[in-house]
(Lines give C-alpha, C1' and ligand atoms only; values in the text may rest on other atoms or scores of the structure.)
Protein backbone atom coordinates (compact mmCIF):
# COMPACT_ATOMS: atom_id res chain seq x y z
CA UNK A 1 0.00 0.00 0.00
CA UNK A 2 2.83 2.38 0.96
CA UNK A 3 4.59 1.57 -2.31
CA UNK A 4 1.40 2.23 -4.30
CA UNK A 5 0.92 5.62 -2.64
CA UNK A 6 4.57 6.49 -3.23
CA UNK A 7 4.35 5.51 -6.90
CA UNK A 8 1.19 7.58 -7.32
CA UNK A 9 2.82 10.62 -5.73
CA UNK A 10 5.87 10.21 -7.96
CA UNK A 11 3.66 10.05 -11.07
CA UNK A 12 1.79 13.19 -10.04
CA UNK A 13 5.07 15.01 -9.44
CA UNK A 14 6.28 14.12 -12.93
CA UNK A 15 3.02 15.35 -14.50
CA UNK A 16 3.15 18.63 -12.57
CA UNK A 17 6.74 19.21 -13.65
CA UNK A 18 5.87 18.52 -17.29
CA UNK A 19 2.93 20.91 -17.20
CA UNK A 20 5.06 23.61 -15.57
CA UNK A 21 7.36 23.64 -18.57
CA UNK A 22 4.55 23.86 -21.12
CA UNK A 23 3.31 27.18 -22.48
CA UNK A 24 -0.27 27.69 -21.31
CA UNK A 25 -2.94 28.06 -24.01
CA UNK A 26 -3.74 31.66 -24.92
CA UNK A 27 -6.67 33.23 -23.15
CA UNK A 28 -9.60 34.27 -25.31
CA UNK A 29 -9.28 37.88 -26.44
CA UNK A 30 -11.53 40.28 -24.59
CA UNK A 31 -11.66 42.59 -27.58
CA UNK A 32 -11.13 42.42 -31.33
CA UNK A 33 -7.66 43.16 -32.60
CA UNK A 34 -7.31 46.42 -34.42
CA UNK A 35 -7.49 45.90 -38.19
CA UNK A 36 -3.86 46.97 -38.56
CA UNK A 37 -2.75 44.29 -36.10
CA UNK A 38 -4.87 41.66 -37.80
CA UNK A 39 -3.82 42.32 -41.38
CA UNK A 40 -0.32 43.78 -41.35
CA UNK A 41 1.37 40.37 -41.53
CA UNK A 42 -0.85 39.29 -44.41
CA UNK A 43 0.55 41.75 -46.96
CA UNK A 44 2.45 39.57 -49.45
CA UNK A 45 6.15 40.33 -49.73
CA UNK A 46 6.79 42.70 -52.62
CA UNK A 47 3.13 43.64 -53.12
CA UNK A 48 2.08 47.27 -53.13
CA UNK A 49 0.00 48.15 -50.08
CA UNK A 50 -3.25 50.06 -50.58
CA UNK A 51 -5.30 51.13 -47.56
CA UNK A 52 -9.01 52.02 -47.73
CA UNK A 53 -10.42 54.43 -45.14
CA UNK A 54 -14.12 55.12 -45.01
CA UNK A 55 -17.67 54.53 -43.87
CA UNK A 56 -20.36 52.02 -44.91
CA UNK A 57 -19.87 53.08 -48.55
CA UNK A 58 -16.53 51.25 -48.45
CA UNK A 59 -17.23 48.78 -45.64
CA UNK A 60 -20.27 47.21 -47.30
CA UNK A 61 -23.13 45.34 -45.66
CA UNK A 62 -24.46 41.78 -45.86
CA UNK A 63 -26.92 42.83 -48.56
CA UNK A 64 -24.25 44.49 -50.65
CA UNK A 65 -20.48 44.47 -50.65
CA UNK A 66 -19.83 41.77 -48.10
CA UNK A 67 -16.53 39.90 -48.41
CA UNK A 68 -15.33 39.28 -51.95
CA UNK A 69 -18.14 41.43 -53.41
CA UNK A 70 -16.82 44.55 -51.68
CA UNK A 71 -15.39 47.12 -54.10
CA UNK A 72 -11.93 47.23 -52.45
CA UNK A 73 -11.68 43.47 -53.01
CA UNK A 74 -12.78 43.94 -56.62
CA UNK A 75 -10.17 46.67 -57.09
CA UNK A 76 -7.46 44.30 -55.88
CA UNK A 77 -8.53 41.79 -58.53
CA UNK A 78 -8.68 44.46 -61.24
CA UNK A 79 -5.21 45.70 -60.31
CA UNK A 80 -3.91 42.15 -60.56
CA UNK A 81 -5.47 41.75 -63.99
CA UNK A 82 -3.59 44.89 -65.02
CA UNK A 83 -0.31 43.36 -63.93
CA UNK A 84 -0.03 45.18 -60.60
CA UNK A 85 0.65 43.11 -57.51
CA UNK A 86 -1.27 45.05 -54.86
CA UNK A 87 -2.87 44.15 -51.55
CA UNK A 88 -5.90 46.18 -50.38
CA UNK A 89 -6.49 46.50 -46.65
CA UNK A 90 -9.93 47.87 -45.82
CA UNK A 91 -10.26 49.66 -42.48
CA UNK A 92 -13.66 51.24 -43.22
CA UNK A 93 -16.49 50.98 -40.72
CA UNK A 94 -20.18 51.73 -41.03
CA UNK A 95 -21.21 54.89 -39.19
CA UNK A 96 -17.76 56.48 -39.37
CA UNK A 97 -16.82 59.86 -40.82
CA UNK A 98 -14.22 62.60 -40.73
CA UNK A 99 -15.92 64.09 -37.68
CA UNK A 100 -18.32 61.45 -36.41
CA UNK A 101 -18.08 57.98 -34.97
CA UNK A 102 -20.03 55.36 -33.06
CA UNK A 103 -18.54 52.95 -30.49
CA UNK A 104 -17.57 50.35 -33.10
CA UNK A 105 -16.61 52.85 -35.82
CA UNK A 106 -13.44 54.92 -35.45
CA UNK A 107 -13.23 58.26 -37.25
CA UNK A 108 -11.37 58.38 -40.53
CA UNK A 109 -8.40 59.87 -38.70
CA UNK A 110 -8.38 56.99 -36.23
CA UNK A 111 -8.60 54.54 -39.11
CA UNK A 112 -5.51 56.20 -40.60
CA UNK A 113 -3.69 55.69 -37.31
CA UNK A 114 -4.62 52.01 -37.31
CA UNK A 115 -4.04 51.22 -40.96
CA UNK A 116 -1.53 53.53 -42.61
CA UNK A 117 2.22 53.20 -42.13
CA UNK A 118 5.38 54.43 -43.81
CA UNK A 119 5.30 51.48 -46.24
CA UNK A 120 1.78 52.25 -47.48
CA UNK A 121 1.73 52.99 -51.21
CA UNK A 122 -1.81 54.28 -51.71
CA UNK A 123 -4.54 55.57 -49.40
CA UNK A 124 -8.17 55.85 -50.55
CA UNK A 125 -10.47 57.87 -48.31
CA UNK A 126 -14.08 57.27 -49.31
CA UNK A 127 -17.33 58.66 -47.96
CA UNK A 128 -18.39 61.49 -45.71
CA UNK A 129 -22.18 61.27 -45.79
CA UNK A 130 -22.28 60.72 -42.03
CA UNK A 131 -20.72 64.15 -41.48
CA UNK A 132 -23.77 66.09 -42.66
CA UNK A 133 -24.81 66.86 -39.08
CA UNK A 134 -21.41 68.27 -38.10
CA UNK A 135 -20.71 70.55 -41.05
CA UNK A 136 -19.04 73.35 -39.04
CA UNK A 137 -16.25 70.96 -38.03
CA UNK A 138 -16.00 68.99 -41.27
CA UNK A 139 -13.51 71.03 -43.28
CA UNK A 140 -10.93 71.23 -40.51
CA UNK A 141 -11.38 67.55 -39.66
CA UNK A 142 -10.90 66.54 -43.29
CA UNK A 143 -7.78 68.71 -43.61
CA UNK A 144 -6.36 67.20 -40.41
CA UNK A 145 -7.09 63.66 -41.63
CA UNK A 146 -5.36 64.20 -44.96
CA UNK A 147 -2.40 65.84 -43.22
CA UNK A 148 -2.23 62.78 -40.97
CA UNK A 149 -1.98 60.54 -44.04
CA UNK A 150 0.77 62.68 -45.56
CA UNK A 151 2.84 62.78 -42.39
CA UNK A 152 2.44 59.04 -41.74
CA UNK A 153 3.09 57.88 -45.31
CA UNK A 154 4.80 60.76 -47.12
CA UNK A 155 5.53 58.73 -50.26
CA UNK A 156 2.04 57.28 -50.59
CA UNK A 157 -0.43 58.32 -53.25
CA UNK A 158 -3.81 59.54 -52.05
CA UNK A 159 -7.27 59.53 -53.63
CA UNK A 160 -10.31 61.15 -52.05
CA UNK A 161 -13.79 59.86 -52.95
CA UNK A 162 -16.61 62.14 -51.87
CA UNK A 163 -19.98 61.11 -50.43
CA UNK A 164 -22.58 59.46 -52.65
CA UNK A 165 -26.30 59.95 -53.19
CA UNK A 166 -28.56 56.98 -53.92
CA UNK A 167 -32.07 58.46 -53.94
CA UNK A 168 -34.12 59.44 -56.96
CA UNK A 169 -34.67 63.02 -55.79
CA UNK A 170 -31.83 65.55 -56.26
CA UNK A 171 -29.11 65.67 -53.56
CA UNK A 172 -30.04 67.85 -50.59
CA UNK A 173 -28.10 70.92 -49.47
CA UNK A 174 -26.44 69.16 -46.54
CA UNK A 175 -24.85 66.38 -48.59
CA UNK A 176 -23.71 68.91 -51.20
CA UNK A 177 -22.16 71.07 -48.49
CA UNK A 178 -20.33 68.05 -47.06
CA UNK A 179 -19.14 67.12 -50.56
CA UNK A 180 -17.85 70.65 -51.16
CA UNK A 181 -15.92 70.79 -47.88
CA UNK A 182 -14.24 67.44 -48.50
CA UNK A 183 -13.44 68.51 -52.07
CA UNK A 184 -11.84 71.72 -50.77
CA UNK A 185 -9.78 69.79 -48.22
CA UNK A 186 -8.56 67.47 -50.98
CA UNK A 187 -7.53 70.46 -53.09
CA UNK A 188 -5.58 71.92 -50.17
CA UNK A 189 -3.80 68.58 -49.74
CA UNK A 190 -3.04 68.35 -53.46
CA UNK A 191 -4.97 65.08 -53.71
CA UNK A 192 -7.28 64.08 -56.58
CA UNK A 193 -10.96 64.29 -55.67
CA UNK A 194 -13.47 61.87 -57.19
CA UNK A 195 -17.09 63.04 -57.07
CA UNK A 196 -19.76 60.29 -57.30
CA UNK A 197 -22.54 62.89 -57.02
CA UNK A 198 -21.34 65.10 -59.88
CA UNK A 199 -20.55 62.06 -62.01
CA UNK A 200 -23.99 60.60 -61.25
CA UNK A 201 -22.68 57.11 -60.52
CA UNK A 202 -25.97 55.62 -59.41
CA UNK A 203 -28.54 57.76 -61.26
CA UNK A 204 -31.52 56.49 -59.28
CA UNK A 205 -30.96 52.94 -60.53
CA UNK A 206 -32.77 50.67 -58.06
CA UNK A 207 -30.60 47.68 -58.96
CA UNK A 208 -27.54 49.45 -57.57
CA UNK A 209 -28.89 50.22 -54.11
CA UNK A 210 -30.68 48.56 -51.21
CA UNK A 211 -34.51 48.76 -51.06
CA UNK A 212 -34.31 51.70 -48.63
CA UNK A 213 -31.89 53.55 -50.95
CA UNK A 214 -29.42 53.95 -48.10
CA UNK A 215 -26.75 51.39 -49.04
CA UNK A 216 -25.22 49.82 -52.13
CA UNK A 217 -26.21 46.44 -53.50
CA UNK A 218 -23.65 43.98 -54.85
CA UNK A 219 -24.22 45.48 -58.30
CA UNK A 220 -23.65 48.96 -56.89
CA UNK A 221 -20.39 47.84 -55.32
CA UNK A 222 -19.21 46.65 -58.74
CA UNK A 223 -20.08 50.05 -60.23
CA UNK A 224 -17.80 51.68 -57.66
CA UNK A 225 -14.98 49.27 -58.50
CA UNK A 226 -15.37 49.93 -62.22
CA UNK A 227 -15.44 53.70 -61.70
CA UNK A 228 -12.38 53.70 -59.46
CA UNK A 229 -10.32 51.18 -61.42
CA UNK A 230 -8.67 53.67 -63.78
CA UNK A 231 -7.58 56.28 -61.20
CA UNK A 232 -6.54 53.61 -58.69
CA UNK A 233 -4.49 51.63 -61.21
CA UNK A 234 -2.89 54.87 -62.44
CA UNK A 235 -1.98 55.83 -58.86
CA UNK A 236 -0.53 52.37 -58.19
CA UNK A 237 1.55 52.53 -61.37
CA UNK A 238 3.11 55.73 -60.03
CA UNK A 239 4.24 53.69 -57.03
CA UNK A 240 5.49 50.71 -59.03
CA UNK A 241 9.21 51.04 -59.87
CA UNK A 242 10.33 50.28 -63.40
CA UNK A 243 12.47 47.12 -63.75
CA UNK A 244 15.97 47.71 -62.44
CA UNK A 245 15.07 50.96 -60.69
CA UNK A 246 14.36 51.59 -57.03
CA UNK A 247 11.76 53.96 -55.66
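The values are calculated or read from the model by the stated rules, or taken from the named source; none is laboratory data. From a predicted model like this one, the values you see are computed outputs, not experimental measurements. Note that we place each Cβ from the backbone using ideal geometry, even for glycine, and neighbour counts take in every protein chain shown.
A few remarks follow.
- Residue that is surrounded by the most Cβ atoms within 10 Å (Cβ to Cβ), among those in the stretch 104-113 that are part of a loop (DSSP other than H, G, I, E, B) and at pLDDT below 95: 106
- Checking each residue in the stretch 122-147 for being under 26 Å from residue 225 (Cβ atoms) and assigned to a helix (DSSP H, G or I) picks out 129, 130, 131, 132, 142, 145, 146.
- Qualifying position, being surrounded by fewer than 17 Cβ atoms within 10 Å (Cβ to Cβ) and touching a residue at least 24 places away in the same chain (Cβ under 8 Å), among 172, 184, 200, 140: 184
- Residue in the stretch 156-168 that is in contact with a helix residue (DSSP H, G or I) (Cβ under 6 Å, 6 or more places away or on another chain), under 27 Å from residue 230 (Cβ atoms), assigned to a helix (DSSP H, G or I) and at pLDDT 95 or above present: no
- Among residues of the stretch 176-233, those that are modelled with pLDDT under 90, out of contact with any helix residue (DSSP H, G or I) (no Cβ under 7 Å at 6 or more places or on another chain) and part of a helix (DSSP H, G or I), counted: 1
Let's see how each residue does on (1) touching a residue at least 60 places away in the same chain (Cβ under 8 Å); (2) over 30 Å from residue 167 (Cβ atoms); (3) crowded, with 20+ Cβ neighbours inside 10 Å:
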{"residue": "69", "(1), (2), (3)": "yes, no, no"}
{"residue": "75", "(1), (2), (3)": "yes, no, yes"}
{"residue": "86", "(1), (2), (3)": "yes, yes, yes"}
{"residue": "100", "(1), (2), (3)": "no, no, yes"}
{"residue": "115", "(1), (2), (3)": "yes, yes, yes"}
{"residue": "120", "(1), (2), (3)": "yes, yes, yes"}
{"residue": "124", "(1), (2), (3)": "yes, no, yes"}
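- The residue that is modelled with the lowest pLDDT, counting only those in the stretch 48-64 that are within 25 Å of residue 145 (Cα to Cα) and in a loop (DSSP other than H, G, I, E, B), is 60.
- Any hit, the stretch 205-215, residues being surrounded by 14 or more Cβ atoms within 10 Å (Cβ to Cβ), under 22 Å from the mean Cα position of the chain (by Cα) and closer than 17 Å to residue 54 by Cα: yes
- Among the conditions (1) farther than 21 Å from residue 88 by Cβ; (2) touching a helix residue (DSSP H, G or I) at 6+ places or on another chain (Cβ under 9 Å), residue 173 misses just one, which is (2).
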